[in-house]
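Nothing in this text is a laboratory measurement; each read-out follows from the coordinates by a stated rule. It should be emphasised that the depicted structure is a prediction, and the values quoted were computed from it without experimental measurement. Here Cβ is always computed from backbone atoms with ideal geometry, including for glycine, and neighbour counts include all displayed protein chains.
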Amino acid sequence: MQRHALFTGRQLDDVLAWQAGGAISIRQFLAEAQALAEQLPPGDWLLNVCQDRYRFAVGFVAGLLCGKTSLQPASQSAETLAQIAIDYPGTTGLCDGEFAAGALPCLHFPDLSAVDRRKVTKMPDFPSDTLAAILFTSGSTGLPQAQRKTWGKLVRNGQAGAQALGLLERPHAIVGTVPVQHSYGFESTFLLALHGGCTFWAGKPFYPQDIAAALAAVPQPRLLVSTPFHLSALLAAQIELPPLDLLLSATAPLSGELAAQAEQRCAAPLYEIYGSTESGQLASRRTVTGEHWQPLAGVQLDQEDDSTWASGGHVEGRVPLGDLIALRDNGQFSLLGRHADLINIAGKRTSLAWLNHQISAIPGVLDATFFLPDEAPGASITRLAAFVVAPTLESRQLLAALRQRIDPVFLPRPLRFVDALPRNPTGKLPRQSLQALLHRTTDHD
Amino acid sequence: MPAAITPEVIDQLLPEIAELIISALNLEMSPAEIAADAPLFGDGEGDGLGLDSIDVLEIALVVSKRYGFQLRSDNEDNVRIFTSLRSLTEHIASQRTQ
């Protein structure tokens, strides 16, 4: 079996990450990962929810060193964690802040500052078929779907991502506003550091002023890995930013207007990434040029009827895509829209079918549906609404039960109690009827 | 900066901040319905306002424009300032420049 080094093209004394205290070398990092591996209890699975990007990285590599697969669920709801405890017996949690672990045993990230980095003399490597990570998507049936990522594919993933952005020739220091556990942050911060030659800021800055401070703490060239929502907040704050060299956006469509504004304010090109948790990153484009999407090295798309499939390169198997896509002869493509069932709110994705399954499963709910209203002018993020028939429940009881099951960004706003849903003779809920019902119930408030 | 941040100053500012939250987020409620010490984030008990990180960034922007300072977390818990209406109001009272 072919083996791949933990890092591509890096030496032990190269810098890996930046913290408030300065640079951390790969040698120091490996010493900490080894020390953590010795403290982890036995078992095959590691649920690494560290907020800090560097601590996540230490935990991930500690897991690789002692034969654990990293579990990376889409949410940390009580329901999700309970399901993981059942499906992956022997899972250990690793956290660096407050974490409602439920029944899962959880190790708080220990102080590893006393490790002796001189003991690290060689770069570890791992067989390419090692099951390194499982990322989860919320399937439309209501059960999370496990997406298995082998080490060999992750190596290719990081290399292809770096190549598409020209980072192999000119490695950047990365500041990411996105969580490292989800596919975009995982690939565009962590894997770009392992296999794209980049370094990264350990924190996950949130407020615009925090992003500016993190950028100032790392050397040029700088790459900001973010989302349309965070970029929009950053630009709206109108604060001074240190010089940037590259901007990256994903998880939600980026308007040409916001892209142009970001490029002008930051004097740096802005690239978008297209991909999915199932397939990993598939393509990139510079938004302001209106270019078509250029697939990453080795990635191919093919179509049957109106469905598109991705394969090749770092993609595991052949993966169906949730978007309507127009393929061109030269391999590039354009996105025509999402299949109607898929929901994306500020970069978090789910499906209406999954949400409807969750709300309908709550005791006392007789009938219910979620609904994404037409975009309201002025509102920056359009929220979901829900209609529910539940004569015995109060609003706060129902919201508390929903909170156990779904990510807070998908909580209905508004939640409307009705006597019956406007189902048509075939039992379906036409969009126009729901939009009218929302309008009607709003007027009566 | 105000000369002194007394409990009376905070109490007077509370309705103004409640109104700011409601208008920033288009919530369907009145300022008096936000209890000063109830959690702004959902806590599963059902008495919180149920805000999330999207809301926080939207409120942060409005706060910076009206009160003339940028919110920061300095790698502490991002939303500690948003624990309750009172904690947010106290933070604004201590940081405001206008």
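Values computed for the structure shown
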{"read-out": "Distance between modelled label sites at residue A:125 and residue A:332, nm, 7 Å Cα→Cβ extension", "value": "3.8"}
{"read-out": "Proxy reagent accessibility, fewest Cβ within 10 Å first, across A:279, A:188", "value": "A:279, A:188"}
{"read-out": "Local electrostatic count at residue B:24 - Lys and Arg +1, Asp and Glu -1, tallied over other residues with Cβ under 15 Å", "value": "-2"}
{"read-out": "Selection from A:393, A:325, B:94 lying farthest towards where the dipole of the protein assembly as shown points positive, charges on Cβ", "value": "A:325"}
{"read-out": "Dipole of the protein assembly as shown, positive end: most advanced residue of A:437, A:107, A:421 [Cβ charges, Cα centre]", "value": "A:107"}
{"read-out": "Given charges at beta-carbon only (K, R positive; D, E negative), |dipole| of chain B in Debye", "value": "540"}
{"read-out": "Of A:326, A:37, A:173, the one that fluctuates the most in a GNM where chain A has Cα springs shorter than 10 Å", "value": "A:326"}
{"read-out": "Sequence of A:123, A:1 once ranked by neighbouring C-beta atoms within 10 Å, starting from the fewest", "value": "A:1, A:123"}
{"read-out": "Sequence-separation-based contact order of the stretch A:342-443, relative, with Cα cut under 8 Å and 6+ spacing, percent", "value": "24"}
{"read-out": "Charge dipole magnitude, Cβ of K and R +1, D and E -1 - the protein assembly as shown, Cα centre, debye nearest 20", "value": "1280"}
{"read-out": "Value of Rg to Rh for the stretch A:342-443 (Rh from inverse mean 1/r over Cα pairs, i.e. Kirkwood)", "value": "0.93"}
{"read-out": "Inter-chain shielding of A:406-416 (mean C-beta neighbours from other protein chains, 10 Å cut-off)", "value": "2"}
{"read-out": "Net charge contributed by nearby residues that have their C-beta within less than 10 Å of residue A:238 (K/R +1, D/E -1)", "value": "+1"}
{"read-out": "GNM flexibility winner over chain A from A:73, A:412, A:179 (Cα, springs under 10 Å)", "value": "A:412"}
{"read-out": "Helix-only CD estimate at 222 nm, as mean residue ellipticity for chain B, using -39500 (n - 2.57) per DSSP H run (n ≥ 4)", "value": "-15000 deg cm²/dmol"}
{"read-out": "Cα-based equivalent ellipsoid, the protein assembly as shown: semi-axes from gyration tensor eigenvalues, Å", "value": "37, 29, 25"}
{"read-out": "Interchain or long-range residues, amide H under 5 Å from residue A:368's placed H", "value": "A:389"}
{"read-out": "Projected label distance in nm at residue B:26 and residue B:12, using a 7 Å step from Cα toward the beta-carbon", "value": "3.4"}
{"read-out": "Dipole in debye (nearest 20) - the stretch A:342-443, about Cα centre, beta carbon charges: Lys, Arg +1; Asp, Glu -1", "value": "220"}
{"read-out": "Cα-based shape type of the stretch A:35-94, given that a ≥ b ≥ c are square roots of the gyration tensor eigenvalues and the cut on a/c is 1.5", "value": "oblate"}
{"read-out": "Förster radius 45 Å - calculated FRET efficiency between residue B:66 and residue A:2 (Cβ-Cβ, nearest 0.05)", "value": "0.15"}
{"read-out": "Amide N of the stretch A:336-376 lying under 13 Å from the label point, which is placed 7 angstrom from the Cα of residue A:87 along Cα→Cβ", "value": "none"}
{"read-out": "Inter-probe distance in nm under a simple model that places probes 7 Å from Cα toward Cβ, at residue A:255 and residue A:344", "value": "1.5"}
{"read-out": "Computed E for residue A:78/residue A:360 - FRET, C-beta separation, R0 25 angstrom, nearest 0.05", "value": "0.85"}
{"read-out": "Karplus-derived HN-Hα couplings along the stretch A:271-284 (A = 6.51, B = -1.76, C = 1.60, θ = phi - 60°), whole Hz, x at Gly and Pro", "value": "10, 9, 10, 10, x, 8, 4, 5, 9, x, 5, 10, 7, 9"}
{"read-out": "Expected 222 nm ellipticity per residue - DSSP helices of 4 or more, -39500 (n - 2.57), all of chain A, to 500", "value": "-7500 deg cm²/dmol"}
{"read-out": "Whole-number percent relative contact order across chain B, with pairs defined as alpha carbons under 8 Å at least 6 apart", "value": "34"}
{"read-out": "Farthest positive-ward along chain A dipole, Cα basis, beta-carbon charges - from A:132, A:41, A:195", "value": "A:41"}
{"read-out": "Cα gyration tensor, the stretch A:219-362 - rounded (a/c under 1.5), prolate or oblate", "value": "oblate"}
{"read-out": "Whole-number percent relative contact order across chain A, with pairs defined as alpha carbons under 8 Å at least 6 apart", "value": "12"}
{"read-out": "Binned Cα-Cα distances of chain B, short to long, each 10 Å bin given as a whole percent", "value": "15, 53, 29, 3"}
{"read-out": "Residue A:307-residue A:418 FRET efficiency (beta carbon distance; Förster radius 45 Å; 0.05 resolution)", "value": "0.80"}
{"read-out": "Charge tally in the Cβ shell below 14 Å around residue A:76, where Lys, Arg are +1 and Asp, Glu are -1, residue A:76 excluded", "value": "-2"}
